[in-house]
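To start, the structure under review is shown below, and the notes come after it.
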Amino acid sequence: MSVAGRAKPMWEPYRNGFRAYLQVERSLAGHSIDAYAADVDKLCRYLLGAGRAIGPAAVETSDLRGFLHCLAGLGLSEASQARILSGLRAFFAYCRIEELRTDDPTELLEAPKLKRRLPDTLSFPEIRSMLDRIDHSTPEGTRNRAIVETLYSCGLRVSELTGLRRSNLYLETGFVRVIGKGDKERLVPIGPDAIRHLRIYLSTIRDHYPALPGFGDHVFLNRRGRPLSRVMIFYIIRDLARAAGIRKDISPHTLRHSFATHLVEGGADLRAVQEMLGHESITTTEIYTHLDRRFLLETLRRYHPAFALSLPETKQP
């Protein structure tokens with residue numbers, strides 16, 4: 001029997017158990033589960049190629065270091081390496097839960113240092129310009145206006161928007177119940193413009209879309225009666241940005257970033273922003289304080305006379 005034939009059965013039961021653990025215990029989405037399982041497959045293939053016909057219980061830290069070195073040699077970005085290492089940490093944590101191991105071979109590994117990239121944001125006039133490009137005379141235009149208003153007003157992830165249910169809209173009190181990552185629920189305030197356009201869409205368009213069985217409670221449907229896909233929302237936002245002449249790298253997530261940035265710039269409490277965004281850690285939300293500092297610095301550079309005198313002369317926009 002080949003090395004591959006001997007080694008693969010040692011991994012398969014734990015790989016399958018890991019998928020079940022991620023689904024039941026961690027409540028991860030399907031695409032996240034697939035990505036984590038693929039990380040385990042990559043490690044298994046690496047070990048087989050290195051002549052290490054071993055199962056998860058025998059993996060050593062040195063094996064993992066060699067694996068990460070191999071990934072770097074293949075040209076994978078530091079972000080991709082860090083994401084794969086995160087998947088392996090989750091797998092070996094599962095192995096400890098199952099008492100396959102008493103140690104964690106990933107414990108002494110350091111993830112590649114990542115530069116925190118500040119996301120693109122839209123100014124409020126840019127968002128207004130996108131809204132002005134919507135053709136409200138069509139059913140799709142009415143729906144798309146409600147989509148953009150809801151994304152920006154509530155700071156939703158695109159998956160939270162596509163999964164939004166009518167039974168979770170509390171428009172009379174100005175709140176929306178959102179199902180976020182890990183099936184965690186949170187209440188998010190929704191602004192008056194978004195409420196108005198949601199009501200217009202629901203009363204004049206949504207009820208005329210024939211929902212397929214199982215999708216009757218979804219807010220945003222396509223013409224075939226299915227929930228809009230994440231990709232479709234991306235195209236809607238991208239096309240509106242292009243029509244408005246915006247040259248930034250725009251996606252639905254840009255509206256979420258803009259929502260948070262505008263709150264922080266306006267002086268909102270960071271804990272409140274964390275709650276509205278559904279961030280598990282305040283560290284994730286703190287990126288918007290960096291955006292705020294950049295905004296403040298740019299304001300000083302442009303308007304403060306002492307800053308203007310100390311900097312090289314530049315053309316005014």
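The values are calculated or read from the model by the stated rules, or taken from the named source; none is laboratory data. As the structure is a computational prediction, the values presented were derived from the model and not from experiment. All Cβ positions, even for glycine, are placed from backbone atoms using ideal geometry, and neighbour counts span all protein chains on display.
Kindly provide the set of residues from region 189-198 that are buried (at least 16 other Cβ atoms within 10 Å of the Cβ) and in a helix (DSSP H, G or I), ordered by number.
Ala194, Ile195, His197, Leu198
Of the numbered conditions (1) of a type in the set (A, V, I, L, M, F, W, C); (2) in a helix (DSSP H, G or I); (3) more than 30 Å from Val264 (Cα to Cα), Ala53 satisfies every one except a single condition; which is it?
Failing condition for Ala53: (2).
Residues to consider are Asp183, Asp120, Asp193, Asp135; find the one that is over 25 Å from Leu221 (Cβ atoms) and of a type in the set (Asp, Glu).
Asp120
Restricted to region 206-240, and to residues that are of a type in the set (A, V, I, L, M, F, W, C) and modelled with pLDDT under 90, which residue is farthest from Ala146 (Cα to Cα)?
Restricting to residues being of a type in the set (A, V, I, L, M, F, W, C) and modelled with pLDDT under 90, the top hit is Leu212.
Residues of region 255-271 being surrounded by 12 or more Cβ atoms within 10 Å (Cβ to Cβ) and at pLDDT below 85, which ones?
Once the filter is applied, which keeps residues that are surrounded by 12 or more Cβ atoms within 10 Å (Cβ to Cβ) and at pLDDT below 85, region 255-271 yields Val264, Glu265, Ala268, Leu270.
With the condition kept exactly as written, say whether any residue in region 19-27 is touching a Lys or Arg at 6+ places or on another chain (Cβ under 7 Å), on the phi < 0 side of the Ramachandran plot and not acidic (Asp, Glu). Quick ask: steps written out before the conclusion?
Within region 19-27, the subset touching a Lys or Arg at 6+ places or on another chain (Cβ under 7 Å) is none.
Scanning region 19-27 turns up no residue that is touching a Lys or Arg at 6+ places or on another chain (Cβ under 7 Å), on the phi < 0 side of the Ramachandran plot and not acidic (Asp, Glu).
Please go through region 67-93 and pick out each residue that is in a helix (DSSP H, G or I) and either over 21 Å from Ala37 (Cβ atoms) or not assigned by TED's automatic domain parsing to the domain that holds Arg15 (or both).
If we filter region 67-93 for residues that are in a helix (DSSP H, G or I), which is where we start, we get 67-73, 78-93.
Result: His69, Ala72, Gly73, Glu78.
Residue-wise test of (1) modelled with pLDDT of 90 or more; (2) more than 30 Å from Asp183 (Cβ to Cβ); (3) not small (Gly, Ala, Ser).
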{"site": "Arg6", "(1), (2), (3)": "no, yes, yes"}
{"site": "Arg19", "(1), (2), (3)": "yes, no, yes"}
{"site": "Lys42", "(1), (2), (3)": "yes, no, yes"}
{"site": "Tyr46", "(1), (2), (3)": "yes, yes, yes"}
{"site": "Ala50", "(1), (2), (3)": "no, yes, no"}
{"site": "Pro56", "(1), (2), (3)": "yes, no, yes"}
{"site": "Leu64", "(1), (2), (3)": "yes, yes, yes"}
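Within region 234-250, how many residues are among the small types (Gly, Ala, Ser) and surrounded by fewer than 18 Cβ atoms within 10 Å (Cβ to Cβ)? Lay out the reasoning, then the answer.
We begin by selecting, within region 234-250, every residue among the small types (Gly, Ala, Ser); these are 241, 243-245.
Going one step further and asking which of them are surrounded by fewer than 18 Cβ atoms within 10 Å (Cβ to Cβ), we end up with 243, 245.
Residues flagged as among the small types (Gly, Ala, Ser) and surrounded by fewer than 18 Cβ atoms within 10 Å (Cβ to Cβ) within region 234-250 amount to 2.
Which residues, taken from region 199-211, are assigned to a loop (DSSP other than H, G, I, E, B) and surrounded by fewer than 13 Cβ atoms within 10 Å (Cβ to Cβ)?
Pro210
I want to confirm something. Restricting to region 19-32 and keeping residues that are under 20 Å from Glu185 (Cα atoms) and of a type in the set (A, V, I, L, M, F, W, C), which single residue is surrounded by the most Cβ atoms within 10 Å (Cβ to Cβ)?
So the residue we want is Leu22.
Being outside any helix (DSSP H, G or I) and either acidic (Asp, Glu) or modelled with pLDDT of 90 or more (or both): is that true of Pro112 here?
no
Given the conditions (1) part of a loop (DSSP other than H, G, I, E, B); (2) surrounded by 12 or more Cβ atoms within 10 Å (Cβ to Cβ), which single one is not true for Asp103?
It fails just one condition, (2).
Kindly indicate whether any position in region 59-70 is among the acidic types (Asp, Glu), in contact (Cβ under 8 Å) with a residue 24 or more places away in the chain and surrounded by 15 or more Cβ atoms within 10 Å (Cβ to Cβ).
Scanning region 59-70 turns up at least one residue that is among the acidic types (Asp, Glu), in contact (Cβ under 8 Å) with a residue 24 or more places away in the chain and surrounded by 15 or more Cβ atoms within 10 Å (Cβ to Cβ).
Where the second residue is surrounded by 12 or more Cβ atoms within 10 Å (Cβ to Cβ) and small (Gly, Ala, Ser) and the first is free of Cβ contacts under 8 Å to residues at least 60 places away in the same chain and lies in region 265-284, which pairs have Cβ atoms under 6 Å and are six or more apart or on separate chains?
Pairs found: Val273/Ala260.
What is the one condition in (1) in the same structural domain as Ser203 (by TED's automatic domain parsing); (2) in contact (Cβ under 8 Å) with a residue 40 or more places away in the chain; (3) not hydrophobic (A, V, I, L, M, F, W, C) that Pro105 does not satisfy?
(1)
May I ask you to list the residues in region 133-188 that are in a loop (DSSP other than H, G, I, E, B), surrounded by fewer than 21 Cβ atoms within 10 Å (Cβ to Cβ) and on the phi > 0 side of the Ramachandran plot?
Gly174
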